[in-house]
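Read the figures in this text as sums done on the coordinates, not as results from a lab. From a predicted model like this one, the values you see are computed outputs, not experimental measurements. Here the Cβ is made from the backbone with ideal geometry for all residues, glycine too, and neighbour counts use every protein chain on show.
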């Protein structure tokens, strides 16, 4: 288009078109003040953060949470995490830090940038930077090389800034010892447990159930639901339109040669006798002698798999030491060198690696191979067919999307383009159970982000492309009591059981505070005191489980004030506790753990210091945020 405009610049028609474009630019145009202001999510010391930047950051953060928590992270959980605020905060912080780095004139040379990029494992092939692999990885993330270099350069400069801010921060040995004594202390509790399940005689009237339901209606709200119409662009339907020539197949074979090469692999079993890396020579020799005895048994004809099950200290022992087929690069050097120098059926003399002594039996050798063009042709043709069909499906979806406006009925587009409109039933944010959708959860996520009658952008799922339109919504609503009556009944019964358990626990506490013994107070309710045994801060309490509230209170108790002055609600009832015994950590173990403790505390100090530095930086700056745009 630009070349046509340049070539025909003298044409009166082109002049009229150019004048129209200028008018549009003046009144609507690119970079106008009004457009920038409407698109401004934040302004950081005069630097504008656009909505597009925020949206990209939000989507990346959301995807990180999705990968970490999977299906456990529904829309309600996502909302509670306030990802919109998290994402914007991260972007604002980055802008502030980059501005500070610029003020301090922190630089990153092209050579240093290249060196760092060459070290990225995802861009390497067998430990060496692979330009084609790097392009492929960036392509999968829709990143251009220029955008990646800019972003990565900023990351490295920010690393320099962080190092500058945190230079000199460390942890002293007295600080480490203080933390060791505090964290390593252990307590043993005596407790009375008042489980709710012991209160079985709970009777409820219909009026009580109805009253409880009315007072707690929000607990029983139905989930919001949407109903969607959608167009599906199935790549399989576009396959008949694809023609693949022999030249295309040959070109693919030539440019993807690595796909058709199979590395040499060895299939083997082994017996491992473990050694600590710090073992002295005496221990090394002792283990070698043990390995040589086992090797002798194997050479004498003893079944190698049985010997592995009996003697090996590796996780593969239950499989008779079987390791399967492996490449040379996938094993530690001494082991790999030995295995790849042996013949099939051979048992090698013991060889030492960083893990210990190995006795290896090679069972099979698979030589390196290169699949010929003739043998690979059908597979290549099928792969190109799949790729081209997906491209055609995507282009069709984008072409239709470009003709649509939000609010327009998607069914009209379906009629115009002779496509079949498909519809869902109402579904919640937890997703559809429809297996024919490429990714039901992603489909649901996109649907719930749309307003009614809004049309989604082209959605890429595993099996093809989609255009979605939400045609109806059902808001969360209070159901009829009859629909949830049994659930309400059980909730109220559990509440009453808890109330009775709490009342008994409070009565016991009052009696003990007046001088009655733990044992006698419990006996009146047929309860026997129990003992947890020793436990540390932060972990699970023996017999009680993980309960931060009880754990924190336990470490506040002292010999002179052993009884806790309140009761505690656990996951299955109420607890009354008193200190049985407290003991400090073993003094002689501090030396073993000192290095780890110093490292951990130093990192915590650095995080705290950097957080405070960043807060100060933000406080000194001028940050304006348009919260309306991120709600």
Residue-averaged 222 nm ellipticity for the chain, from DSSP H runs of 4+ at -39500 (n - 2.57), nearest 500:
-15500 deg cm²/dmol
Given the Cα-Cα distance of residue 243 and residue 543 and 0.36 nm per residue of separation, how much length would full extension add, in nm?
101.1 nm
Test of understanding: ordering 271, 625 by Cβ neighbours within 10 Å, fewest first, what list do you get?
625, 271
Just how far, in whole angstrom, is region 154-192 from region 571-631 if you go by their alpha carbon centroids?
8 Å
Where a ≥ b ≥ c are root eigenvalues of the Cα gyration tensor, a/c under 1.5 meaning rounded, otherwise prolate if a/b exceeds b/c and oblate otherwise, region 66-165 counts as oblate
Please report, in whole Å, how far the alpha carbons of the chain spread along each principal axis, starting with the longest.
105, 84, 58
Evaluate the distance, in nm, between pseudo-label points positioned 7 Å from the Cα of residue 170 and of residue 369 along their respective Cα→Cβ axes.
5.8 nm
In Å, the Kirkwood estimate of hydrodynamic radius for region 396-520 over Cα pairs equals 19.4 Å
What is the gain in length, in nm to one decimal, between residue 595 and residue 67 on full extension, counting 0.36 nm per residue of separation less the C-alpha to C-alpha distance?
186.8 nm
FRET E, pair residue 116, residue 216, Förster distance 35 Å, beta-carbon r, rounded to 0.05
0.05
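Counting other C-beta atoms within 10 Å, which of 256, 358, 322, 193 has the fewest, and how do the rest follow?
Fewest-to-most Cβ neighbours within 10 Å comes out as 256, 322, 193, 358.
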Hey, how many Å between the Cα centroid of region 526-570 and the Cα centroid of region 299-339?
48 Å
Can you order the peptides 108-116, 551-559 by their average number of other Cβ atoms within 10 Å per residue, highest first?
551-559, 108-116
Suppose R0 equals 30 Å. What FRET efficiency, 1/(1 + (r/R0)^6) with r the Cβ-Cβ distance, do residue 274 and residue 183 give to the nearest 0.05?
0.50
Order of 357, 179 under a 10 Å beta carbon neighbour criterion, fewest first
179, 357
Stretch residue 162-residue 559 to full length: gain in nm at 0.36 nm per residue minus the Cα-Cα span?
138.3 nm
Protection-proxy order for peptides 58-67, 464-473, each taking the mean of Cβ atoms within 10 Å per residue, highest first:
464-473, 58-67
Expressed in nanometres to one decimal, the distance between label points 7 Å along Cα→Cβ at residue 261 and residue 421 is 5.5 nm
Give the shape of region 159-297 as rounded, prolate or oblate, defined through the alpha-carbon gyration tensor: a ≥ b ≥ c are the square roots of its eigenvalues, a/c under 1.5 means rounded, and otherwise the shape is prolate if a/b is larger than b/c and oblate if not.
oblate
Size of region 114-214 along its principal axes in angstrom, Cα-based, largest extent first?
74, 50, 30
Would you work out if region 492-631 is rounded, prolate or oblate? Take a ≥ b ≥ c from the square roots of the eigenvalues of the alpha-carbon gyration tensor; rounded if a/c is under 1.5, else prolate when a/b is larger than b/c, oblate otherwise.
oblate
If you average the sequence gap of Cα pairs under 8 Å that are 6 or more apart and divide by the length of the chain, what percent do you get for the contact order?
24 percent
Nearest-0.05 FRET efficiency for residue 330 and residue 528, computed from C-beta distance (R0 41 Å)
0.10
Place a point 7 Å from Cα of residue 403 in the direction of its Cβ. Which residues in region 224-251 have their backbone N less than 16 Å from it?
231-233
Label point distance in nm, residue 622-residue 605, each placed 7 Å from Cα along Cα→Cβ:
3.8 nm
